[in-house]
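Written out below as structure tokens is the structure these notes cover.
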Amino acid sequence: MGRGRYPARLKVAPPPPDLAARYLRVWPARELYNHPDAFPPLSAPGIFGNARPLELDIGCATGDLVLALAAARPEVNFVGLDIVAKPLWRAVERATAAQLGNVCFLQADARLACRQIPAATLQSAYIHFPAPLLRNRQRNQLLIALPILHAVECGLVVGGRLSFMSDQPALYEQFLTLLPAIPRLRLLPPEEWSVSLSDLIKSHYHRRWEARGRPILRAELVAR
Ligand SMILES: C[S@@+](CC[C@H](N)C(=O)[O-])C[C@H]1O[C@@H](n2cnc3c(N)ncnc32)[C@H](O)[C@@H]1O
């Protein structure tokens with residue numbers, strides 16, 4: 001069974017300047033690589049100008065997870081990060097419709113943007129249903145990459161959580177093999193998960209693969 005239409009093919013227009021200024025940041029890869037100091041830290045003060053807790057969804061696509069979390073927990077800031085513009089434009093439409101004041105979307109390559117996360121900044125990070133390697137041109141986009149995991153390991157506050165989910169057993173195994181390289185994060189048994197699998201707010205791909213009967217594999221890790 002195919003994995004569905006790639007979100008870049010969505011029919012959606014860029015947000016008008018006022019909404020883009022409110023909800024969208026674009027960090028172009030070349031500038032971010034060459035001049036990281038020209039970009040703010042990926043932190044609550046850097047993105048929202050306040051000191052609320054921050055949660056980050058890496059590879060958020062149309063932002064279903066962060067939008068639902070932001071509506072449920074207005075006291076927390078949420079950033080949805082994705083490399084593709086169109087899903088984020090759709091996410092901005094939804095944030096606008098819901099009048100959310102605690103969410104922002106960041107168009108950037110996670111491998112570079114995660115370098116901007118200061119130590120002990122994140123309350124939670126999510127990597128849910130990262131795409132497997134579908135085509136050669138996506139080879140460099142794999143989100144299960146040590147630079148990203150190291151940045152999350154360092155960026156989480158003590159007690160902060162990383163949630164990983166996949167419908168791909170091989171990808172899930174690959175994630176587990178990288179855990180010895182991020183020893184500050186401890187893999188939790190299911191009985192210690194912050195939210196049980198059945199109570200989790202579901203992302204777009206979580207709903208999609210669950211509806212198709214695919215396995216839903218989860219790992220939750222806590223920072224010590
Ligand atoms: C299969 S979608 C999963 C979306 C969402 N997490 C969910 O569960 O519904 C994977 C997303 O990761 C994004 N992505 C892939 N490589 C990325 C990178 N290097 N930096 C940021 N986002 C990336 C893709 O653009 C895509 O939107």
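Which helices (runs of 4 or more DSSP H) does the range 4-61 wholly contain that include 3 or more residues that are closer than 21 Å to Val103 by Cβ? Don't jump to the end; show me each part of the working.
Values: elements: 17-23, 29-34, 44-48.
Output list reads 17-23, 44-48.
Restrict the check to the range 155-166 and report whether at least one residue is out of contact with any Gly (no Cβ under 9 Å at 6 or more places or on another chain), surrounded by fewer than 13 Cβ atoms within 10 Å (Cβ to Cβ) and under 21 Å from Leu67 (Cβ atoms).
Of the range 155-166, the ones out of contact with any Gly (no Cβ under 9 Å at 6 or more places or on another chain) are 155-166.
Right, trim to surrounded by fewer than 13 Cβ atoms within 10 Å (Cβ to Cβ) and you get 158-159.
Narrowing the set further to residues that are under 21 Å from Leu67 (Cβ atoms) leaves none.
No, the range 155-166 contains no residue that is out of contact with any Gly (no Cβ under 9 Å at 6 or more places or on another chain), surrounded by fewer than 13 Cβ atoms within 10 Å (Cβ to Cβ) and under 21 Å from Leu67 (Cβ atoms).
Conditions first: (1) surrounded by 12 or more Cβ atoms within 10 Å (Cβ to Cβ); (2) more than 14 Å from Ala125 (Cβ to Cβ); (3) over 17 Å from the mean Cα position of the chain (by Cα). Ser198 passes all but one, so which condition is the exception?
(1)
Is it the case, given these coordinates, that Ala68 is surrounded by fewer than 17 Cβ atoms within 10 Å (Cβ to Cβ), in a helix (DSSP H, G or I), in contact (Cβ under 8 Å) with a residue 40 or more places away in the chain and over 13 Å from the mean Cα position of the chain (by Cα)? Show your work before the answer.
Working: surrounded by fewer than 17 Cβ atoms within 10 Å (Cβ to Cβ): yes; in a helix (DSSP H, G or I): yes; in contact (Cβ under 8 Å) with a residue 40 or more places away in the chain: yes; over 13 Å from the mean Cα position of the chain (by Cα): yes.
Yes, satisfied.
When the residues of the range 169-195 are narrowed to those that are more than 26 Å from Thr121 (Cβ to Cβ) and under 18 Å from the mean Cα position of the chain (by Cα), which ends up surrounded by the most Cβ atoms within 10 Å (Cβ to Cβ)?
Among those residues, the one meeting the criterion is Leu171.
Give the number of residues within the range 177-224 that are among the charged types (D, E, K, R) and under 25 Å from Ala61 (Cα atoms). Please lay out each step first, then the result.
Taking the range 177-224 first, the residues among the charged types (D, E, K, R) are 184, 186, 191-192, 199, 202, 207-208, 210, 212, 214, 218, 220, 224.
Cutting the leftovers down to under 25 Å from Ala61 (Cα atoms) gives us 199, 202, 207-208, 210, 212, 214, 218, 220.
The number of residues fulfilling the criteria is 9.
Going by the conditions given, is Ile148 aliphatic (A, V, I, L, M), within 13 Å of the ligand (Cβ to nearest atom) and within 17 Å of Asp82 (Cα to Cα)? Don't jump to the end; show me each part of the working.
On the way: aliphatic (A, V, I, L, M): yes; within 13 Å of the ligand (Cβ to nearest atom): yes; within 17 Å of Asp82 (Cα to Cα): yes.
So Ile148 passes the test.
Scanning the range 201-223 for residues that are of a type in the set (A, V, I, L, M) and over 18 Å from Leu122 (Cα atoms), which turns out surrounded by the most Cβ atoms within 10 Å (Cβ to Cβ)? Walk me through how you get there before you give the answer.
Let us first name the residues in the range 201-223 that are of a type in the set (A, V, I, L, M), namely 201, 211, 216-217, 219, 221-223.
Next, from what is left, pick out any that are over 18 Å from Leu122 (Cα atoms): 201, 211, 216-217.
Details: Ile201: 14, Ala211: 8, Ile216: 14, Leu217: 18.
Applying the filter and picking the extreme gives Leu217.
Does Arg186 fit the bill of being within 14 Å of the ligand (Cβ to nearest atom), part of a strand (DSSP E or B) and modelled with pLDDT of 95 or more? Before you say what the answer is, go through the steps one by one.
Details: within 14 Å of the ligand (Cβ to nearest atom): no; part of a strand (DSSP E or B): yes; modelled with pLDDT of 95 or more: yes.
Answer is no for this residue.
Regarding the range 85-105, can at least one residue be identified that is of a type outside the set (Val, Ile, Thr) and free of Cβ contacts under 8 Å to residues at least 24 places away in the same chain? Break it down into steps so the answer makes sense when it comes.
Within the range 85-105, the subset of a type outside the set (Val, Ile, Thr) is 85-91, 93-95, 97-102, 104-105.
Checking the rest, the ones that are also free of Cβ contacts under 8 Å to residues at least 24 places away in the same chain come to 97, 99.
Yes, the conditions are met somewhere in the range 85-105.
Given the structure, is Phe48 more than 13 Å from the ligand (Cβ to nearest atom), more than 20 Å from Ile148 (Cα to Cα) and of a type in the set (Phe, Trp, Tyr)? So that I can check it myself, show each step before the final result.
Details: more than 13 Å from the ligand (Cβ to nearest atom): yes; more than 20 Å from Ile148 (Cα to Cα): yes; of a type in the set (Phe, Trp, Tyr): yes.
Against the criterion (more than 13 Å from the ligand (Cβ to nearest atom), more than 20 Å from Ile148 (Cα to Cα) and of a type in the set (Phe, Trp, Tyr)), Phe48 qualifies.
So, in the range 189-213, how many residues would count as being part of a helix (DSSP H, G or I), of a type outside the set (Phe, Trp, Tyr) and within 16 Å of the ligand (Cβ to nearest atom)?
Start the filter on the range 189-213 by keeping residues that are part of a helix (DSSP H, G or I), which leaves 190-192, 197-199, 204-211.
Within this subset, residues satisfying the condition of being of a type outside the set (Phe, Trp, Tyr) are 190-192, 197-199, 204, 206-208, 210-211.
Filter once more, keeping what is within 16 Å of the ligand (Cβ to nearest atom): 197, 204, 206-208, 210-211.
So the answer is 7.
Working only within the range 60-90, note down all residues that are near the ligand (Cβ under 10 Å from one of its atoms) and either of a type in the set (A, V, I, L, M, F, W, C) or in contact with a strand residue (DSSP E or B) (Cβ under 6 Å, 6 or more places away or on another chain) (or both).
Start the filter on the range 60-90 by keeping residues that are near the ligand (Cβ under 10 Å from one of its atoms), which leaves 60-66, 80-88.
Selection gives Cys60, Ala61, Gly63, Leu65, Val66, Gly80, Leu81, Ile83, Val84, Ala85, Leu88.
I'm trying to understand the selection: among the residues of the range 71-84, which are in contact (Cβ under 8 Å) with a residue 60 or more places away in the chain and under 21 Å from Val195 (Cβ atoms)?
Correct list: Ala72 only.
The values are calculated or read from the model by the stated rules, or taken from the named source; none is laboratory data. Bear in mind that the values here come from a model prediction, so they are computed numbers and not experimental data. All Cβ positions, even for glycine, are placed from backbone atoms using ideal geometry, and neighbour counts span all protein chains on display.
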